[in-house]
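Some notes on the structure that comes next.
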Amino acid sequence: MSAASVERPHGDRPLIAEANRLMDRNPGYRVEIIGGTIIVSPPPNVAHARALSRLRRPFYTAGLDGGETEVLEGVGLWLPTGAEDYAIPDLVVVDTDIEDHLVENNCYDPIAFRLVLEVTSSNYQNDLRTKVGAYANAKVPVYVIVDRRHQRLHVLTDPAQDEYAGHRIHAPGELVTLPDSIGAKVTLDVAEILRAGQPKGD
């Protein structure tokens, strides 16, 4: 389904070298480079991990984790926004031949990605702003944001340059069916996902 990617030339990569040093010194932290800026995120808390666990289920139930696609966490996505830019989404739906599309630094060509999903943390503005432009530039067809701060779920579709032409915001009580382009019918229960993403006792 995907065309072969072109291996980018390896050369002087000072930002990637620094990002890798930061990862080595801070186990569990997520280090990304977007727009030529290094972004460091602390390890996710239990509520963040619980939301991801709930989110995986409808993708598995729909049959997306086998056959032509896989559902994975923490896979590097090479970005066209800068010479060393890459992101590490929380959850992705990718073509099963993704390993044929390695670019560098354990990051893969966007052509193999059907969906990226982020669950917001303390640096939620990166997910709601910075990554919108980055993923749109990479032409990732569907971007889903679980906005735990504002208790909403965003579904962005139809990437065009540095934005998505389609942007729907969903509140608790809604059932959201994702676009068929990801490979199967996936319906998300907004209330269930947002509830899972809240620390117990809140």
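A few notes on this one:
- Amide H contacts under 5 Å for Arg148, placed H, 5+ residues apart: Thr120
- Pair-distance distribution P(r) for the chain, from all Cα-Cα distances in 5 Å bins starting at 0: 1, 7, 16, 20, 21, 17, 10, 5, 1, 0, 0 percent.
- Charged-residue dipole, Cβ positions (Lys, Arg, Asp, Glu), the range 141-186 about Cα centre, Debye nearest 20: 260
- Helical mean residue ellipticity (222 nm; -39500 (n - 2.57) per DSSP H run of 4+; nearest 500) of the chain: -6000 deg cm²/dmol
- Backbone amide hydrogens, once placed in the peptide plane, bring Leu188 within less than 5 Å of Val176, Thr177, Leu178, excluding anything fewer than 5 places away on its chain.
- Selected from Leu115, Ile169, Pro179, residue furthest toward positive end of dipole (the chain; charges at beta carbon): Ile169
- Placing unit charges on the Cβ atoms only, positive for Lys and Arg and negative for Asp and Glu, gives the range 107-202 a dipole magnitude near 160 debye about its Cα centre.
- Where the chain is the region considered: accessible area per residue in Å², 1.4 Å probe: 48
- In order along the range 135-146, phi translates into HN-Hα couplings of 6, 5, 4, 7, 6, 6, x, 9, 10, 10, 10, 8 Hz, rounded to whole numbers, per the Karplus curve 6.51 cos²θ - 1.76 cosθ + 1.60 with θ = phi - 60° and x for Gly and Pro.
- Test item: Cα-centred dipole of the chain, Lys/Arg +1 and Asp/Glu -1 on Cβ, debye: 900
- Estimated inter-spin distance, Asp65 and Arg168, nm [label 7 Å along Cα→Cβ]: 2.5
- Per-atom-type breakdown for the range 107-202 gives carbon and sulfur 45% of the accessible area (1.4 Å probe, protein chains only).
The values are calculated or read from the model by the stated rules, or taken from the named source; none is laboratory data. All values derive from a computational prediction rather than experimental measurement. Cβ: placed from backbone, ideal geometry, glycine included. Neighbour counts: every protein chain shown. The accessibility values were calculated without ligands, DNA or RNA, using every heavy atom of the protein model including side chains. Shrake-Rupley method; radii C 1.70, N 1.55, O 1.52, S 1.80 Å.
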